[in-house]
């Protein structure tokens, strides 16, 4: 994952509510899983697969077991992790492709559900980023509203 993409995810997370953060974690897991599938070396493959695994584990750990659907999602996440293990052990990319297909399907479902969530962002008192107000030769500039957030030294 490029540094620019990491910064973009950081900005998105800082203004996201719980549902949107879940969608972003799916996107991160998928990004790293795809990187693993396209890796040129074993080291790149295992690094990307490990990062995707951590994202899926985060989804697993964040389940609220007060809801019945959480048990189903736990089984699906565990199955994806099992596919990752099999891919790492055998190098069989078809297992990784199956895991990506499952995560893509879940991502779409969670993205649709997140549209109806109008709760407040999880993080408060963060800098606002305005995109597209100015342009440069390299593309769109991001302007950060750098107002005091209540702390003075």
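Based on what the data block shows, is residue 56 within 18 Å of residue 110 (Cα to Cα) and without any contact (Cβ under 8 Å) to a residue 12 or more places away in the chain?
no
Could you please give the count of residues in the stretch 49-69 that are assigned to a helix (DSSP H, G or I) and either at pLDDT 95 or above or within 18 Å of the chain's Cα centre (by Cα) (or both)? Can you show your working first?
Kept after step one, since they are assigned to a helix (DSSP H, G or I), are these residues of the stretch 49-69: 49-61, 69.
Of the ones still in play, those that are also either at pLDDT 95 or above or within 18 Å of the chain's Cα centre (by Cα) (or both) are 49-61.
Selection size over the stretch 49-69: 13.
Within the stretch 1-40, restricting attention to residues that are assigned to a loop (DSSP other than H, G, I, E, B) and in contact with a helix residue (DSSP H, G or I) (Cβ under 7 Å, 6 or more places away or on another chain), which residue is surrounded by the most Cβ atoms within 10 Å (Cβ to Cβ)?
It comes out as 16.
Between a residue in the stretch 21-43 that is more than 30 Å from residue 116 (Cβ to Cβ) and any residue that is surrounded by fewer than 17 Cβ atoms within 10 Å (Cβ to Cβ) and at pLDDT below 90, which pairs come within a Cβ distance under 7 Å, given they are 6 or more apart or on different chains?
35/1
Name the pairs whose Cβ atoms lie under 9 Å apart, with the first residue in the stretch 109-130 and farther than 23 Å from residue 69 by Cβ, the second part of a helix (DSSP H, G or I) and modelled with pLDDT of 65 or more, and 6 or more positions between them or separate chains?
Pairs that qualify, where the first residue is farther than 23 Å from residue 69 by Cβ and the partner is part of a helix (DSSP H, G or I) and modelled with pLDDT of 65 or more, are 121/14; 121/20; 123/13; 123/14; 126/14; 127/14; 129/11; 129/14.
Taking residue 89 and the conditions (1) touching a helix residue (DSSP H, G or I) at 6+ places or on another chain (Cβ under 7 Å); (2) loosely packed, with under 14 Cβ neighbours inside 10 Å; (3) more than 21 Å from residue 23 (Cβ to Cβ), which numbered condition does it fall short on, given that it satisfies the others?
It is condition (1) that residue 89 fails.
Which of (1) in a helix (DSSP H, G or I); (2) over 19 Å from the mean Cα position of the chain (by Cα); (3) more than 26 Å from residue 6 (Cβ to Cβ) does residue 88 not meet, given it meets every other one?
(3)
The values are calculated or read from the model by the stated rules, or taken from the named source; none is laboratory data. Not measured: the values here are computed from a predicted model. Reconstructed Cβ throughout: ideal geometry from the backbone, glycine too, with neighbour counts over all protein chains shown.
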